[in-house]
1. Kindly indicate the residue of the range 262-278 that is more than 13 Å from V11 (Cα to Cα) and within 16 Å of the ligand (Cβ to nearest atom) and also surrounded by the fewest Cβ atoms within 10 Å (Cβ to Cβ) among those meeting that condition.
2. Assuming L281 fulfils every condition listed in (1) among the hydrophobic types (A, V, I, L, M, F, W, C); (2) more than 30 Å from P89 (Cβ to Cβ); (3) within 16 Å of the ligand (Cβ to nearest atom) apart from one, which condition is it?
3. Does any residue in the range 5-20 that is assigned to a strand (DSSP E or B) come within less than 8 Å, Cβ to Cβ, of a residue that is aromatic (F, W, Y) six or more places away or on a different chain, and which pairs are these?
4. Going residue by residue through the range 165-176, is there one that turns out to be basic (K, R), in contact with a strand residue (DSSP E or B) (Cβ under 9 Å, 6 or more places away or on another chain), farther than 19 Å from F264 by Cβ and assigned to a helix (DSSP H, G or I)?
5. Count, please, the residues in the range 37-46 that happen to be in contact (Cβ under 8 Å) with a residue 40 or more places away in the chain and either more than 16 Å from the ligand (Cβ to nearest atom) or surrounded by fewer than 17 Cβ atoms within 10 Å (Cβ to Cβ) (or both).
6. Could you list, in sequence order, the residues of the range 20-40 that are farther than 13 Å from L281 by Cβ, under 20 Å from the mean Cα position of the chain (by Cα) and of a type in the set (G, A, S)?
7. Hey, could you check the range 130-153 for residues that are in a loop (DSSP other than H, G, I, E, B) and surrounded by fewer than 17 Cβ atoms within 10 Å (Cβ to Cβ) and say which is farthest from the ligand (Cβ to nearest atom)?
8. Contact list please: Cβ distance under 6 Å, first residue in the range 72-101 and touching a residue at least 24 places away in the same chain (Cβ under 8 Å), second residue within 12 Å of the ligand (Cβ to nearest atom) and assigned to a loop (DSSP other than H, G, I, E, B), pairs at least six apart or on different chains.
Amino acid sequence: MAAKIISGNEVAAEIRAELKERVAELKEKGIFPGLGVVLVGEDPASVSYVTSKAKGSQEIGMFEETIRLPADVAEDEVLKVIDNLNKDPKFTGILVQLPLPEHISVEKVINYISPEKDVDGFHPVNLGKLLRGEPCPLPCTPHGVQQLLVRSGNDPSGKHVVVCGRSNIVGKPLAAILMQKAKGANAVVTVVHTGAKDISYYTKQADILVAAMGRPQAITADMVREGTVVIDVGVNRIPDASKKKGFRLAGDVDYGPVSEKASFITPVPGGVGPMTVTMLLYNTVESAIRLSQQQ
Ligand code: GUN
């Protein structure tokens, strides 16, 4: 039986409509959410992400400014820019687009962002709070995955979620979010990675399978049980001369054959992608509320 498609575009539009209303209400109370984005260099994928963050902010009526720095900028200069954003009350959220050029330390840069304005949820203070189950900004892509599950009627509570991939941006924080004793979570979580002898041994036991390895079409139909809910976080650019941009996007899931076995599946593009930006907007609005309460 063909899987039902979970449309990230639709769920994202629903949440953005909610955010637009909240931003209007906050502005009436004198609370102005604002997002500062730092982009170093001109990596095409990063430029595309940053553009959609600016567009998304505009759509919900939120102030946004992108600070563009050259690829050879000194690390100190990046830290200075972050320092200014930390101090400027116009910005309730700060995001430094990753990856950064090799001469800049990602850890140093992330540690420099004020934890109160860290809308990526990557600061060690926020990741520590996440593990302890304390309120904190949740990393955007895993939070988007959780929202897709809950809003498509696939509450993870009591389910076996198998996460493929252990990145700091997706795999690790997703496992931490879904294992919490909390609404929309409370799952039994297994994290598999390249250290596993046989990945399919684990994936076949999943009620919910999340593919976040960054390897195109790595999850094939023989690795998936009938009726599994499949969430594809992969965004791989495959060179394709027949496309205007010279590439096509492929997920980490072999979509056609897997969708014949899955009960629900997210497409690429139009699945998890639009949710990442949406949850960033959500975190920036939440952060504005928290900061206003501190004054
Ligand atoms: N690059 C890819 N994903 C992300 C993300 O969620 N946040 C940031 N800052 N950079 C990224």
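The values are calculated or read from the model by the stated rules, or taken from the named source; none is laboratory data. No experiment lies behind these values; they were computed from the predicted model shown. When we count neighbours, we look across all protein chains shown, and the Cβ atoms used for this are built from the backbone with ideal geometry, even at glycine.
1. Checked the range 262-278; the qualifying residue surrounded by the fewest Cβ atoms within 10 Å (Cβ to Cβ) is P269.
2. With (1) among the hydrophobic types (A, V, I, L, M, F, W, C); (2) more than 30 Å from P89 (Cβ to Cβ); (3) within 16 Å of the ligand (Cβ to nearest atom) applied to L281, the lone miss is (2).
3. From residues that are assigned to a strand (DSSP E or B), the pairs are I5/F264.
4. First, the residues of the range 165-176 that are basic (K, R): 166, 172.
Okay, now just the ones that are also in contact with a strand residue (DSSP E or B) (Cβ under 9 Å, 6 or more places away or on another chain), so 166, 172.
Now restrict to residues that are farther than 19 Å from F264 by Cβ: 166, 172.
Applying the additional criterion that residues be assigned to a helix (DSSP H, G or I) yields 172.
Taking every residue of the range 165-176 in turn, at least one turns out to be basic (K, R), in contact with a strand residue (DSSP E or B) (Cβ under 9 Å, 6 or more places away or on another chain), farther than 19 Å from F264 by Cβ and assigned to a helix (DSSP H, G or I).
5. 2
6. Across the range 20-40, the qualifying residue is only G36.
7. To start, the set of residues in the range 130-153 that are in a loop (DSSP other than H, G, I, E, B) comprises 133-139, 152-153.
Then keep just the ones that are surrounded by fewer than 17 Cβ atoms within 10 Å (Cβ to Cβ); that gives 133-135, 153.
On the way: G133: 22, E134: 21, P135: 20, G153: 26 Å.
Restricting to residues being in a loop (DSSP other than H, G, I, E, B) and surrounded by fewer than 17 Cβ atoms within 10 Å (Cβ to Cβ), the top hit is G153.
8. I82/I113; G93/V119; I94/I113; L95/V119; L95/D120
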